[in-house]
Every structure is written in C-alpha cells, then in structure tokens.
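One structure below.
Values in this text are rule-based calculations from the coordinates and carry no lab data. Remember, it's a predicted structure, so these values are computed and weren't measured experimentally. We place every Cβ from the backbone using ideal geometry, glycine too, and count neighbours over all the protein chains shown.
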Amino acid sequence: MLIHLLLLFSLVFSSSGELQSSNSKPDFTGSWNARIVTDPNAPIQQLKISYNDPRLEITRTLIERTSRELKTRGSRNFVFYTDGRGEIQKPVVPNASSDSVQTKTQRVGEKFVTTASSTTKNSDKEVTSDQIVTFEVSPDGARLTETLASVQEGNTFSTIRLYDRVSGNGKDINGEWNLRQSNQLISLTVEHHDPEIKVARRVVTEAQDKTEKFIYYTDGRGETNDRNGLPTKSVTKWKGMNVSFSSSSKSKGDGITINTNESTKWTISEDGQSLIEITETKVSLDQGYMSPPKPTKLIYARSSSPLPK
C-alpha cells in the first residue's frame with residue numbers, strides 16, 4: 001500500500017512538473033549572433049562629385065540592376081559652398097510641400113563638413129537637432145568615407161559609409177564613387193530576469209562597430225531607451241510564448257508630420273538554439289500611408305560567449 005502511494009505521488013509530481021515546464025515562459029538569457037549577407041542584386045548607390053573651390057557639387061544616384069542592364073532609378077543633385085556662405089537645399093522628401101533645408105559647409109583640412117540645424121516637435125516637445133555630413137578621401141585616393149551624424153539633446157548617433165572610386169584621377173574628391181556593400185554581424189547579449197530584459201545590441205560592419213543598450217519590462221509598464229541617439233518609448237508584453245516590443249513616434253518638421261509604428265517579436269526555437277526576431281514597420285505622412293516594407297526576419301544562433309572586442 002505504501003509503495004502504491006509512493007508511486008502515485010511520484011506520478012502526480014512528475015506529471016505536474018512536466019506540465020509546469022511546458023507552460024513556463026522561455027528565458028532569452030544568453031549570447032545570440034546573426035549575420036546579414038549583402039544582396040548581390042541590391043541597387044547601386046553612387047555619388048558623382050565635382051569640386052572647384054568653393055563650389056562642391058554632389059549628385060546622388062540610385063542605379064537598379066536588371067537582368068540585362070543597369071538602370072537609373074532616381075537622382076538628386078546638391079550644391080554646397082565651402083566658403084561658409086550657406087546654401088538652400090531641396091526638401092528631404094521629394095514632391096512634398098515642405099520648406100527647404102538651410103545648410104552651411106566648410107572645408108576642414110581634407111574634410112568637407114556640411115551642417116543642417118532643425119527644430120522638430122516630437123511627442124509634443126520641441127527638439128533641436130544638428131545633422132552633420134562629413135566627406136573624407138583616403139590618402140591613396142581610392143576610398144571615400146561619408147559620416148552621417150545626428151546630434152540631439154546631447155546625444156550623438158553616427159553612421160559611416162564607405163565608397164570605392166570608380167572614376168576620376170588623382171587623390172582628390174572629384175570623380176564617381178560607389179557605396180561599398182558589406183556584410184553585417186549583429187550580436188545580442190541578453191540578461192532576462194522576468195519582467196526585466198536587458199539587451200546589449202552590437203552591430204559590426206566593415207566601416208564601424210557600435211553597441212546600444214536597452215532595458216525592457218514584459219509586464220507592459222512601458223520603458224524609454226535611447227535608440228539611434230533618440231529617446232524612444234516602447235511597450236513590452238508577453239504574447240503566449242513570444243515577447244512583443246511595440247513603439248510609436250510622431251515627429252514634425254519642415255511642414256511634414258511623420259508617424260512611425262514598429263513591432264518586434266522574439267521567439268525561441270524548440271531546441272533552444274535559435275532566437276527568431278521578426279520586425280514590422282509602418283510609416284505614414286500627412287498625405288497618407290507609405291507602402292510598408294516587408295517584415296524583416298533575423299535568426300540568431302546561440303553562442304557560448306559574446307563577440308570579442
């Protein structure tokens with residue numbers, strides 16, 4: 001009888017434990033790595049630059065690859081003056097009824113630096129920001145580095161692009177330059193103690209290595225993190241066995257209102273060795289919704305340790 005009771009207790013306990021395990025939420029703690037390989041058929045981003053002191057003319061062109069030929073899909077022309085007189089540029093959004101952008105350009109050594117200051121209304125708060133674009137040619141004249149920096153409320157976020165020379169002689173900035181396509185390695189280091197999730201997101205490319213840190217709360221209380229140099233509010237919740245991160249923002253500038261809604265979902269594979277991240281983004285202007293891009297899907301592989309510095 002005692003043996004039967006012990007067996008019954010053992011079966012009930014075992015069954016209860018398995019049930020609890022099957023219904024428990026996943027733990028995202030760990031190091032996760034994903035590699036984004038460049039699409040060989042991606043459009044070519046080209047710069048054509050002509051500099052005759054103090055006039056600096058830059059034409060940005062997007063060239064589409066087709067099965068038979070290269071086809072220009074869009075082109076924008078800009079003129080700058082390195083003597084600091086300032087210049088008026090076209091609106092950022094083509095065909096939009098917005099004010100033009102005032103910029104100021106100077107040459108600092110071998111660098112060409114253009115600055116545009118603007119005031120936008122973000123979540124009912126006026127924010128002043130500086131957009132700084134810097135061009136610098138490598139000493140051998142073969143590579144052009146473009147640095148795009150956004151400075152807002154003491155935060156600076158920079159993106160670096162590398163271009164290879166395709167025409168032009170000498171070591172100056174004159175000539176045609178194609179944007180170099182390089183793979184990306186994205187690494188997540190996650191500390192998960194529900195409801196708190198701490199994430200260090202590191203993106204490594206040929207041009208730069210940058211890390212951003214975030215804190216989320218799965219009980220839906222909401223959180224604010226600096227993202228791309230800007231404070232971003234989000235709400236995090238469990239949806240079944242998945243975690244959902246949702247954020248929305250509204251900004252106004254140059255007569256345009258831009259609404260952005262982004263939703264990201266995290267799922268762990270059944271074997272626990274992969275983290276699947278799916279992101280959907282919707283952007284609308286005053287004139288209506290823009291055609292939304294397809295959801296992006298990244299699959300991170302579990303790693304024994306973070307990426308080395």
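Quick look at the numbers
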read-out: Most to least packed among 227-238, 75-86 [average Cβ atoms within 10 Å]; value: 227-238, 75-86
read-out: Integer Hz, Karplus 6.51/-1.76/1.60 couplings in order for segment 44-53, x for Gly and Pro; value: 8, 9, 10, 10, 10, 10, 10, 10, 9, 2
read-out: Members of LYS265/LYS294; LYS213/LYS233; LYS250/LYS297 lying beyond 21 Å, as alpha-carbon distances in this model show; value: LYS250/LYS297
read-out: Calculated from backbone phi, Karplus (6.51, -1.76, 1.60) coupling profile of segment 188-205 in Hz, x at Gly/Pro; value: 10, 10, 10, 10, 10, 10, 3, x, 8, 10, 9, 10, 10, 10, 10, 10, 10, 10
read-out: Amide hydrogen neighbours beyond the local backbone of ASP286, cut-off 5 Å, H modeled; value: THR257
read-out: Built amide H within the under 5 Å cut-off of TYR81, gap 5+; value: LEU56, GLY86, THR105
read-out: Per-residue ³J(HN,Hα) for segment 179-186, Karplus 6.51 cos²θ - 1.76 cosθ + 1.60, θ = phi - 60°, Hz, x for Gly and Pro; value: 4, 7, 8, 10, 5, 10, 10, 10
read-out: Whether segment 103-190 is rounded, prolate or oblate, judged on the alpha carbon gyration tensor where a/c under 1.5 counts as rounded; value: oblate
read-out: Shape category assigned to segment 145-187 from the gyration tensor of Cα positions, a/c cut at 1.5; value: oblate
read-out: Net length gained if the chain between LEU62 and GLN45 were fully extended (0.36 nm per residue, minus Cα distance); value: 5.6 nm
read-out: Tensor-based shape of segment 156-309 (alpha-carbon gyration tensor, a/c under 1.5 rounded, otherwise prolate or oblate); value: oblate
